[in-house]
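Enquirer: I have a structure here, written as structure tokens, and I will follow up with some questions on it.
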Amino acid sequence: MDWLFLDAAFTGGSRDECSAKAGGACWAVIGERLNLFTYGFYPVAERWRVNLSLVLLIFTLFPILFEKAPYRKYALHIAVAFPFVTAWLLVGGLGLTPVETDQFGGFMLTLVIGITGIGFSLPIGILLALGRQSKLPAIQIFSIGFIEFIRGVPLITLLFVASTMLNYFLPPGVTFDLLLRVLIMVTLFASAYMAEVIRGGLQAIPKGQFEAADSMGLHYWSAMRLIVLPQAIKISIPGIVNTFIGLYKDTTLVIIIGLLDPLGIGRASLADTRWTGLSTEVYLFVAIFFFISCFGMARYSQHLEKKLETDHKR
Amino acid sequence: MTQKPESANEKTKSAAGNYAVTMRDVHKWYGKFHVLKNINLNVEVGEKIVICGPSGSGKSTLIRCINRLEEHQQGEIFVEGIELSHDIKNIEIIRREVGMVFQHFNLFPHLTVLENCTLAPIWVRKMPLAEANAIAMEYLERVKIPEQADKYPGQLSGGQQQRVAIARSLCMKPRILLFDEPTSALDPEMIKEVLDVMIQLASEGITMICVTHEMGFARTVGDRVIFMDNGEIIEENNPDDFFLNPQHERTKLFLSQILNH
């Protein structure tokens, strides 16, 4: 505690200035590099776009996460536009100055990869889980093959494939943005895990529920959407959030293919001669950021489980 | 009293149209196990049929073939004149007109009682919400639990849950109701409340096919009792003759087993 706060130096231009002031932690490094940690190498003049995206994110998530949010019905419809608007804001074009995706970095990069992965892996995972139980052989074989292949390969391998191998398969001259490739790979990776988590939930649904739905004349998709999936997903919430958290933390692996996530920025900061040897402070700071996000997800999952509890076990 | 099955050559689709359900030479196998053997059955519109028999005799399988929860491998089944085949359209039409009440209720635990009742009318019949709610409340009153409409199934007793399940089936305004041992999973003191609802329903002209061991119910409302054993229909008769004057040895044995205690 003393080291963290009381004896810590919060300002200074280098490590030496810090230790001259106090014997504890030297948080000045974080202060000086905060913008780098947040935005990566995103052009300074365009950083308002990142901030605006974050505001949009909060306004989109709020009605999705909380049932009591005002105007929830309309907000949910507008939320569909969020990925497109944000992608436009961050990448540019169509009136905005284009920003190369290799300038993305820091927490912003973590959020872009994490939220894209989380947002797309759930629906894809649900489809794969249903596909795996499908009576149509082609769909079933595809789903099983996809899930088992992706689960059988480490994420890092997939990321390497994304960063190098795809170029061999694409016709020469066709460039395919590296970040986009990473997003696709991370999403597919998480989808395979998601599919298995949801399949567990599906198998916990008693056969009578399917029979009751069938006997009413509900179509397959209505029965799934209205009866089976709400129950299966509710059972799977702990596993789903577990996968989300795993995915979110796995975004740090992109450092290996040269994208600068917070850890990458941290390493770069430590390479600066003025700040060498402050690895504890830098990594602690990054760890706190991840802990806050992941703990938030975990708490929300508990809240959701309580809210959806309709069993009233007596 | 016994209805003789018509001979095979006379069977036409139009003849099946006069019956609520027609089964002709129906066979079903589970792997090598021959679960339904040469079932022939005509159910008149408005008729109340009670099916009984020892466990494993195929009686549940038989009624589950009527709404295609089980598939028959041989023979023909017509429901309201429509043939049950692989045609998914026909199956869906038939399921809309045939309600089913299960042994274990099979209510949807994540929906309230009212939502359980309105789900099929809204999504299958495309009924507006207000109308579906009104109909649901009407039937919940009929089964005497309108005050439970906003509770979840898990908060109700078994007898209440089964009455909700009956109301849920009725909300689709089916022409035929199938009951698959509706009281077998209930505590004795709750059986009466469910049977009372079923007896009241029987007086309203709906076609009912019930698999049940409630012999009192069979006598009160049954037009015909069918006894099954080993996948075959052994005997069918009106309730009085069935109970007082059973023809077949296996029927006598079965009746002595369920009535002598």
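Enquirer: Suppose the filter is of a type outside the set (S, T, N, Q), over 12 Å from the mean Cα position of the chain (by Cα) and surrounded by 20 or more Cβ atoms within 10 Å (Cβ to Cβ); does B:R68 pass it? Quick ask: steps written out before the conclusion?
Expert: On the way: of a type outside the set (S, T, N, Q): yes; over 12 Å from the mean Cα position of the chain (by Cα): yes; surrounded by 20 or more Cβ atoms within 10 Å (Cβ to Cβ): yes.
Criteria met by B:R68.
Enquirer: Looking at A:S279, A:S301, A:S222, A:S293, which is the one that is touching a helix residue (DSSP H, G or I) at 6+ places or on another chain (Cβ under 7 Å), within 14 Å of another protein chain (Cβ to nearest Cβ) and among the polar types (S, T, N, Q)?
Expert: A:S222
Enquirer: Going through B:M137, B:M172, B:M127 one at a time, which residue ends up being touching a Ser or Thr at 6+ places or on another chain (Cβ under 9 Å) and not acidic (D, E)?
Expert: That would be B:M127, the only listed residue that is touching a Ser or Thr at 6+ places or on another chain (Cβ under 9 Å) and not acidic (D, E).
Enquirer: Given (1) within 22 Å of A:G105 (Cα to Cα); (2) modelled with pLDDT of 90 or more, where does A:A271 come up short, assuming only one miss?
Expert: If we test A:A271 against (1) within 22 Å of A:G105 (Cα to Cα); (2) modelled with pLDDT of 90 or more, just (2) comes out false.
Enquirer: Another one. What are the pairs, 6+ residues apart or on separate chains, where a residue within the range A:139-159 that is in contact (Cβ under 8 Å) with a residue 24 or more places away in the chain and farther than 17 Å from A:V197 by Cβ has its Cβ under 8 Å from a residue that is loosely packed, with under 14 Cβ neighbours inside 10 Å and among the aliphatic types (A, V, I, L, M)?
Expert: If the second residue must be loosely packed, with under 14 Cβ neighbours inside 10 Å and among the aliphatic types (A, V, I, L, M), the pairs left are A:I156/A:I256; A:L159/A:I256.
Enquirer: Then there is this: Select from the range B:12-30 the residues that are surrounded by fewer than 16 Cβ atoms within 10 Å (Cβ to Cβ) and modelled with pLDDT under 90 and write down the one among them that is nearest to B:I94 (Cα to Cα). First the steps, then the outcome.
Expert: Going through the range B:12-30, the residues surrounded by fewer than 16 Cβ atoms within 10 Å (Cβ to Cβ) turn out to be B:12-15, B:17-18, B:25, B:27, B:29-30.
Checking the rest, the ones that are also modelled with pLDDT under 90 come to B:12-15, B:17-18.
Values: B:T12: 19, B:K13: 16, B:S14: 17, B:A15: 18, B:G17: 13, B:N18: 15 Å.
So the residue we want is B:G17.
Enquirer: All but one of (1) closer than 30 Å to A:Q231 by Cα; (2) surrounded by 15 or more Cβ atoms within 10 Å (Cβ to Cβ) hold for A:T110; state the number of the condition that does not hold.
Expert: (1)
Enquirer: Do we have any residue at all in the range A:205-218 that's of a type in the set (S, T, Y), crowded, with 18+ Cβ neighbours inside 10 Å and either over 23 Å from the mean Cα position of the chain (by Cα) or within 9 Å of another protein chain (Cβ to nearest Cβ) (or both)?
Expert: Yes.
Enquirer: Name the helices (runs of 4 or more DSSP H) wholly within the range A:199-256 that hold at least 1 residues that are in contact (Cβ under 8 Å) with a residue 24 or more places away in the chain?
Expert: On the way: elements: A:207-215, A:220-223, A:229-250.
It comes to A:229-250.
Enquirer: Only one of these is within 24 Å of the chain's Cα centre (by Cα), part of a loop (DSSP other than H, G, I, E, B), on the phi < 0 side of the Ramachandran plot and not small (G, A, S): A:F120, A:F176, A:F149. Name it.
Expert: A:F176
Enquirer: Residues B:A132, B:A149, B:A167: which one is in contact (Cβ under 8 Å) with a residue 24 or more places away in the chain, over 20 Å from B:I63 (Cα atoms) and surrounded by 21 or more Cβ atoms within 10 Å (Cβ to Cβ)?
Expert: B:A132
Enquirer: So, in the range B:104-126, exactly how many residues are away from chain A (no Cβ under 13 Å) and not in a helix (DSSP H, G or I)?
Expert: The number of residues fulfilling the criteria is 0.
Enquirer: From the residues in the range B:87-103 that are of a type in the set (D, E) and within 18 Å of the chain's Cα centre (by Cα), which one is nearest to the other protein chains (Cβ to nearest Cβ)?
Expert: Keep residues of the range B:87-103 that are of a type in the set (D, E), which gives B:87, B:92, B:97.
The next check asks that each one be within 18 Å of the chain's Cα centre (by Cα); those that pass are B:92, B:97.
Working: B:E92: 5, B:E97: 8 Å.
This residue is B:E92.
Enquirer: Are there any pairs, at least 6 apart or on different chains, whose C-beta atoms fall under 9 Å, with the first in the range B:183-203 and on the phi > 0 side of the Ramachandran plot and the second hydrophobic (A, V, I, L, M, F, W, C), and if so, which?
Expert: No pair meets every condition.
Enquirer: Let me ask you something else. Do the conditions hold for A:P230, that is, is it out of contact with any Phe, Trp or Tyr (no Cβ under 7 Å at 6 or more places or on another chain), within 17 Å of A:V197 (Cβ to Cβ), away from every other protein chain (no Cβ under 14 Å) and not hydrophobic (A, V, I, L, M, F, W, C)? If you could, list the steps in order and put the result at the bottom.
Expert: Details: out of contact with any Phe, Trp or Tyr (no Cβ under 7 Å at 6 or more places or on another chain): yes; within 17 Å of A:V197 (Cβ to Cβ): yes; away from every other protein chain (no Cβ under 14 Å): no; not hydrophobic (A, V, I, L, M, F, W, C): yes.
Judged against the criteria, A:P230 is not a match.
Enquirer: Scan the range B:51-86 for residues that are within 12 Å of another protein chain (Cβ to nearest Cβ) and hydroxyl-bearing (S, T, Y) and jot them down.
Expert: Selection gives B:S60 alone.
Enquirer: Then there's this: Within the range B:159-170, is there a residue that is facing chain A (nearest Cβ under 9 Å) and more than 30 Å from B:K37 (Cβ to Cβ)? Outline the logic, then answer.
Expert: The first filter runs over the range B:159-170 and keeps only residues facing chain A (nearest Cβ under 9 Å), leaving B:165, B:168-169.
From what's left, more than 30 Å from B:K37 (Cβ to Cβ): B:165, B:168.
Taking every residue of the range B:159-170 in turn, at least one turns out to be facing chain A (nearest Cβ under 9 Å) and more than 30 Å from B:K37 (Cβ to Cβ).
Enquirer: Kindly provide the set of residues from the range B:136-164 that are within 16 Å of B:F179 (Cβ to Cβ) and either among the acidic types (D, E) or touching a strand residue (DSSP E or B) at 6+ places or on another chain (Cβ under 8 Å) (or both), ordered by number.
Expert: Correct list: B:Q162 only.
Enquirer: Having 1 or more residues that are closer than 25 Å to A:L270 by Cα is the bar; report the helices (runs of 4 or more DSSP H) wholly within the range A:21-95 that clear it. Let's see the steps before the verdict.
Expert: Numbers: elements: A:28-39, A:47-65, A:72-79, A:82-91.
Those helices (runs of 4 or more DSSP H) span A:28-39, A:47-65.
Enquirer: Among the residues that make up the range A:268-277, is at least one of them in the same structural domain as A:F160 (by TED's automatic domain parsing) and within 18 Å of the chain's Cα centre (by Cα)?
Expert: For the range A:268-277, residues in the same structural domain as A:F160 (by TED's automatic domain parsing) and within 18 Å of the chain's Cα centre (by Cα): absent.
The values are calculated or read from the model by the stated rules, or taken from the named source; none is laboratory data. Remember, it's a predicted structure, so these values are computed and weren't measured experimentally. All Cβ positions, even for glycine, are placed from backbone atoms using ideal geometry, and neighbour counts span all protein chains on display.
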